[in-house]
Amino acid sequence: MNTGTNGREHWATRTGFILAASGSAIGLGNIWRFPYMTGEHGGAAFIVIYLIAVCLIGYPLLVNETIIGRVSQRNPVGAFKTLAPGSPWWLVGALGVFTGFVILSYYAVVAGWSLAYIFKVITVSQGAGIDNAEVFSRHISNIWQPIGWQALFMILTIAVISAGVVKGIQRCVTILMPIFFVLLVLLILRAVTLPGAGEGIAYYLKPDFSEVTGRTLLGAVSQAFFSLSLGMGVFITYGSYLHEKDEIPKSSGAIVGLDTVVALLAGFAIFPAVFALGFEPGAGPGLVFITLPAVFAQMPFGTFFGLLFFFLLSIAALTSALSLLEVVTAWLIDERGWHRKKASVVMGVTIFLVGLPASLGYSVFNCFSLPFFEIDLLDTYDLLANSILLPLGGLLTAIFVGYVWGTEKAIKEASKGSTGFTIGKWWAVLIRYVVPIIIAAIMVTGILDSLGR
Ligand code: PHE
């Protein structure tokens, strides 16, 4: 058994943990999903609700999961087994591992599109009169190309995870995250200095609450879960590689802060450019793949910036995928005694196969799109994971610490190694009452609302 710190790998430095954890949090969720959700849900009003969700639910839960990981020094299933032996609570950890499996399966499909677009944007943004919606739909409805890129993305992810926590994950994020931030700053500077950018900035900053419904609230909460990688044991797993001397409350603050700032900044890189060049913000999931290439096509040095953008998006996706595969891999290593290499390869390949229907949903399985019976498989995976599985995982984890394991123990664990800022009674109130009530209420109204449509 792998209890205590014996035999378990640990982050080599505190920065290693913060980079890996923010690498997990910052991903397609910030750059692909956040802007289109904002565009679909009325701009700044969505942002305000999102920020409230991050403070009331996101930060407390991120701390919560990290504490469980560090104190148990185990993967999500093992962590619940350690803290509540002989009880069925380990099922919450198992739910997390399953959710990671589902998310990575379709995440790799979108990440594959992003890799493909690093090259596609060069051709797309050169020709005049190219219909980008057509280009995108032709790309995703091709059978083999998207699968090839999805496979390449999974191979990269497996290669890093099989190399280990420090030599794989930590080394990779230490190189990629700084590159990511430099690229992001370059892209924002380009976008906000375009003539006409002001309109996009105004749209982004002026809230219109008349569009807010139950679906908006569920959208904001599910976005917070997805963007912060919450509710499925990423932070239990990454937290299990922490030393006792590491400060959880402060590091968690840094991670939540970075993730939120990057999501907001991604909006600043995208909306000004979209408005400056006369496009619509509410394009949905295609915003990044259809509207943006058109924007780049018209921008001075657009091909270059387009290439940078998709490179940035691919980096963000890779550092998030690492955490998804690590959760599943850590479970097999701890609970089943598998070797890291075998666990990461077997799971990586299986996840790739499970993701195939999401990719083929635009070609072979397109037969589901009959007029009255339209199912987008990838959207279905996304909805299942983000609107149901993640909030459910977060809700149960909060109930576990709030009512079973005990918030006093959690607060004591969090205060180890903490100098200055730490969590106190206010955090217990959030975990015991605020988090469960908000999540339960929003899941019910959001789901009823979606069904009513
Ligand atoms: N947080 C990642 C993103 O924003 C996605 C993710 C969700 C990663 C859940 C791990 C776990 O893209």
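Could you give the distance between the Cα centres of the range 312-364 and the range 386-420, to the whole Å?
That distance is 26 Å.
Might you report the magnitude of the Cβ-based charge dipole of the range 14-451 about its Cα centre, with Lys and Arg at +1 and Asp and Glu at -1, to the nearest 20 debye?
The calculation lands at about 1420 debye.
So what is the relative contact order for the range 247-329, in percent, with contacts set as C-alpha pairs under 8 Å and at least six apart? Could the numbers behind the result be given before it?
Values: 22 pairs, mean separation 12.0, N = 83.
Computed over the range 247-329, the figure is 14 percent.
So what does ARG215 come to for accessible area, using a 1.4 Å probe and Å² rounded to 10?
Approximately 90 Å² of ARG215 is accessible to the 1.4 Å probe.
Measure off, as a whole percent, the carbon and sulfur share of the 1.4 Å-probe accessible area of the chain, all protein chains present. If you can, show how the numbers build up before the last one.
Working: 11870 of 17090 Å².
Heavy-atom surface of the chain belonging to carbon and sulfur, 1.4 Å probe: 69 percent.
Given a 1.4 angstrom probe, what's the average accessible area per residue across the chain, in square angstrom? Could the numbers behind the result be given before it?
Working: 17090 Å² over 453 residues.
Accessible area per residue: 38 Å².
In percent, how large is the relative contact order of the chain, given Cα pairs closer than 8 Å and 6 or more residues apart? Spell out each step's value before the answer.
Numbers: 739 pairs, mean separation 152.9, N = 453.
Rounded, it is 34 percent for the chain.
Quick one: angle between helix 59-72 and the longest Cα principal axis of the chain, in degrees between 0 and 90, rounded to 10, please.
50
List the longest stretch of the chain that has no exposed loop site; here a site is one of the GluC sites (Glu not before Pro) assigned by DSSP to anything other than H, G, I, E or B, with at most 11 other Cβ within 10 Å.
Details: sites that count: GLU244, GLU374.
Segment 1-243 is the longest.
On full extension of the chain, what length is gained from LEU353 through ILE179, given 0.36 nm per residue of separation minus the C-alpha to C-alpha distance?
The span from LEU353 to ILE179 would gain 59.6 nm if fully extended.
State, to one decimal in nm, how far the label point of LYS206 lies from the label point of VAL166, with both points 7 Å from Cα in the Cβ direction.
With each label point 7 Å from Cα toward Cβ, the separation is 5.5 nm.
How many Å³ per residue does the convex hull of the Cα positions in the chain occupy? Don't skip to the answer; put the middle values down first.
Values: hull volume 61.8 nm³, N = 453.
Convex hull of Cα atoms, per residue: 136 Å³.
So how much accessible area does CYS55 have, in Å² to the nearest 10, using a 1.4 Å probe?
Using a 1.4 Å probe on the heavy atoms, I get roughly 90 Å².
Would you kindly give the portion of the calculated P(r) for the range 189-240 that falls above 13 Å, as a percent of all Cα pairs?
Numbers: 970 of 1326 pairs.
The share of Cα pairs beyond 13 Å in the range 189-240 comes to 73 percent.
Using a Cα-Cα cut-off of under 30 Å, which lysines could be cross-linked to LYS342, ignoring same-chain neighbours fewer than 8 residues away?
LYS81, LYS167
Accessible area, 1.4 Å probe, largest first: how do SER210, SER344 sort?
Details: SER210 95, SER344 0 Å².
Putting SER210, SER344 in descending order of accessible area: SER210, SER344.
For LYS425, go through the lysines and keep the ones whose alpha-carbon is under 18 Å away, minus same-chain ones fewer than eight residues off.
The reachable lysines, counting only those whose Cα sits under 18 Å from LYS425, are LYS250, LYS409, LYS412, LYS416.
The values are calculated or read from the model by the stated rules, or taken from the named source; none is laboratory data. The model shown is predicted, which means the values in this text are computed figures rather than measured ones. FYI the Cβ positions are ideal-geometry reconstructions off the backbone, even for glycines, and counts take in every protein chain you see. These area figures cover heavy atoms from the full protein model, side chains too; ligands, DNA and RNA do not enter into them. Shrake-Rupley method; radii C 1.70, N 1.55, O 1.52, S 1.80 Å.
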